[in-house]
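Chemist: Pasting a structure here, questions to come.
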Amino acid sequence: MPDIASDVPDELVRRFASRAADSDRKGEIGFENIEDLRKGGYLALAVPRQQGGGGASLREIATVVGKVAEGDPSTALILAMQYLQTVAIVRSERWPGTVRDEVIETIVRSGALLNALRVEPELGTPARGGIPATRISRDKNRYLLSGRKIFSTGSSALHWGVVWAATAEETPRIGQVLVPLASPGIRIEKSWHHLGMRATGSDTIIFEDVEVPERYLINFESNHVNPETPALATWHMVIVPVLYDAIARSARNWLIDFLESRVPTALGRPLSTLPRFHAVLGEIDGLLLTNRALLEFALARAENLMISPSEAAQVKRLTTENAITAVARAVEVTGNPGLSQDNPLERHYRNVLCGRIHTPQADAVLEGAGRAVFENQRGN
């Protein structure tokens, strides 16, 4: 198990960065990166120490995800989902202990990857409500799962899927189905053709009468019970902006190197000597300083759920938008080099734009924040 205090080694980050362009170009998961993380014990960091894991805190998890994202943010997103889902299972009071232990044991023993599979073509993001079309039905003594999940980050690298599904009953109950993704009846459809974060393998996973043991049906007691722990939503709204902030910091570092090395003939000295570029870098650093303060606020309060959902959502929105603005400014002042696929800044720009699509989206954050103000006002 790695020493959290020593963080992710710079050499490993450089190795990830050296592979990032190729993975992005091919639109394929960086399996070499995943294997490096597995060998280093990083995939089990969120597992409690008494169960053989790293027992990492939210702050430690954020540190690791941010450092990996400096090298390859797509790999970092797969890793972030690993940590978030591990925490959700460990902290849930509704998961049967034997099933929880089974999943945890595979993570510790072999670095098994897992992720929640929730989004569907018709439903969109479950955060906006609705009943999933993916169904779990009973056929005599067998339970069969059918449906499709899109935007399944990690897809072909995953061992477990925590599938959001509904029962095939007149009044459907909603819950989670734990699915070993090597089971018969499962196939992956290549469907992730996005602008950025191309190496996340967020493809479509299709389930066709997949037989699932009854013990893997979790949290189907009620239609009205959120099957996920409160910690998951809060931690998600902290970890995701850490990742996109790291992309912006990588873009900043590239910009500094570019301005130092670029010596136009007419100028006769580096671009880094011009006040115009000093001002741009000052603007970028101001945005990233704001992010640092926001994330510190969130990290200090989120682990014990001392941050309100509205505050956590605002941190996610503001940090992500600041990161996007920072990278956009770097692209703007570098001209053609900033948009060339020969340079990583172009990839950083495409990747950072994806921060907006993660739940919660900006409109929902702002609406929720405003509503909370009036609810608190009436409560007083």
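The values are calculated or read from the model by the stated rules, or taken from the named source; none is laboratory data. All of these numbers come straight from a predicted model, not from anything done at the bench. With ideal geometry, Cβ positions are generated from the backbone for all residues, glycine too; neighbour counts draw on all protein chains shown. What goes into the accessible areas is simple: the full protein's heavy atoms, side chains included, and nothing from ligands, DNA or RNA. Shrake-Rupley method; radii C 1.70, N 1.55, O 1.52, S 1.80 Å.
Chemist: Among (1) under 23 Å from the mean Cα position of the chain (by Cα); (2) open to solvent by 90 Å² or more (accessible area, probe 1.4 Å), which single condition is residue 376 missing?
Modeler: The number of the failed condition is (1).
Chemist: Something else about it: Of all residues in segment 1-38, which are at pLDDT below 95 and not aliphatic (A, V, I, L, M)?
Modeler: Result: 2, 3, 6, 7, 9, 10.
Chemist: Just to be sure, is residue 337 in contact (Cβ under 8 Å) with a residue 60 or more places away in the chain and surrounded by fewer than 21 Cβ atoms within 10 Å (Cβ to Cβ)?
Modeler: The answer is yes for residue 337.
Chemist: Output the number of the condition that residue 184 fails; it satisfies all remaining conditions of (1) buried (at least 18 other Cβ atoms within 10 Å of the Cβ); (2) out of contact with any Phe, Trp or Tyr (no Cβ under 7 Å at 6 or more places or on another chain).
Modeler: (1)
Chemist: Looking at 356, 317, which is the one that is of a type outside the set (A, V, I, L, M, F, W, C) and open to solvent by 60 Å² or more (accessible area, probe 1.4 Å)?
Modeler: 356
Chemist: Would you say residue 167 is at pLDDT below 95 and either open to solvent by less than 40 Å² (accessible area, probe 1.4 Å) or within 25 Å of residue 34 (Cα to Cα) (or both)?
Modeler: The answer is yes for residue 167.
Chemist: Also, I was wondering about something else. Return the only residue of 75, 86 being within 22 Å of residue 309 (Cβ to Cβ), touching a helix residue (DSSP H, G or I) at 6+ places or on another chain (Cβ under 8 Å) and modelled with pLDDT of 95 or more.
Modeler: Going through 75, 86 in turn, just one is within 22 Å of residue 309 (Cβ to Cβ), touching a helix residue (DSSP H, G or I) at 6+ places or on another chain (Cβ under 8 Å) and modelled with pLDDT of 95 or more: 86.
Chemist: Considering 303, 283, 296, which residue is within 30 Å of residue 235 (Cβ to Cβ), surrounded by fewer than 20 Cβ atoms within 10 Å (Cβ to Cβ), acidic (Asp, Glu) and touching a residue at least 24 places away in the same chain (Cβ under 8 Å)?
Modeler: So the residue among 303, 283, 296 that is within 30 Å of residue 235 (Cβ to Cβ), surrounded by fewer than 20 Cβ atoms within 10 Å (Cβ to Cβ), acidic (Asp, Glu) and touching a residue at least 24 places away in the same chain (Cβ under 8 Å) is 303.
Chemist: Also, I was wondering about something else. Output the number of residues of segment 132-142 satisfying the condition of being among the polar types (S, T, N, Q) and either open to solvent by 70 Å² or more (accessible area, probe 1.4 Å) or modelled with pLDDT under 95 (or both).
Modeler: The number of residues fulfilling the criteria is 1.
Chemist: I need the full set of residues from segment 198-236 which are modelled with pLDDT under 95 and more than 25 Å from residue 139 (Cα to Cα), in order please.
Modeler: 224, 225, 226, 228, 229, 230, 231, 232, 233, 234, 235, 236
Chemist: For segment 229-263, how many residues meet the condition of being part of a loop (DSSP other than H, G, I, E, B) and either closer than 30 Å to residue 80 by Cα or in contact with a Leu (Cβ under 7 Å, 6 or more places away or on another chain) (or both)?
Modeler: Number satisfying all stated conditions: 2.
Chemist: Sticking with this structure for a sec: Would a scan of segment 206-226 turn up a residue that is β-branched (Val, Ile, Thr), surrounded by fewer than 16 Cβ atoms within 10 Å (Cβ to Cβ) and in a loop (DSSP other than H, G, I, E, B)?
Modeler: There is at least one residue in segment 206-226 that is β-branched (Val, Ile, Thr), surrounded by fewer than 16 Cβ atoms within 10 Å (Cβ to Cβ) and in a loop (DSSP other than H, G, I, E, B).
Chemist: Among 175, 161, which is the only one that is open to solvent by less than 10 Å² (accessible area, probe 1.4 Å), outside any helix (DSSP H, G or I) and more than 24 Å from residue 75 (Cβ to Cβ)?
Modeler: After applying the criteria, what remains is 175.
Chemist: Here's another thing I want to ask about it. For residues that are over 23 Å from the mean Cα position of the chain (by Cα) and of a type in the set (Phe, Trp, Tyr), scanning just segment 227-272, find the one that is nearest to residue 58 (Cα to Cα). Walk me through it before giving the result.
Modeler: Taking segment 227-272 as the starting set, the residues that turn out to be over 23 Å from the mean Cα position of the chain (by Cα) are 254-272.
The next check asks that each one be of a type in the set (Phe, Trp, Tyr); those that pass are 254, 258.
Values: 254: 28, 258: 34 Å.
Result: 254.
Chemist: For segment 264-275, how many residues are out of contact with any Pro (no Cβ under 8 Å at 6 or more places or on another chain), in a helix (DSSP H, G or I) and either closer than 21 Å to residue 340 by Cβ or open to solvent by less than 40 Å² (accessible area, probe 1.4 Å) (or both)? Reasoning before the result, please.
Modeler: Restricting attention to segment 264-275, the residues satisfying the condition of being out of contact with any Pro (no Cβ under 8 Å at 6 or more places or on another chain) are 264-270, 272-275.
Remaining after also requiring in a helix (DSSP H, G or I): 272-273, 275.
Those left that are additionally either closer than 21 Å to residue 340 by Cβ or open to solvent by less than 40 Å² (accessible area, probe 1.4 Å) (or both): 272.
Looking only at that region, the number is 1.
Chemist: Quick one: which helices (runs of 4 or more DSSP H) lie wholly within segment 30-131 and hold at least 3 residues that are of a type in the set (S, T, N, Q) and surrounded by 21 or more Cβ atoms within 10 Å (Cβ to Cβ)? Talk me through it step by step, then tell me what you get.
Modeler: Values: elements: 31-39, 58-71, 73-91, 97-110.
Counting at least 3 such residues, we get 73-91.
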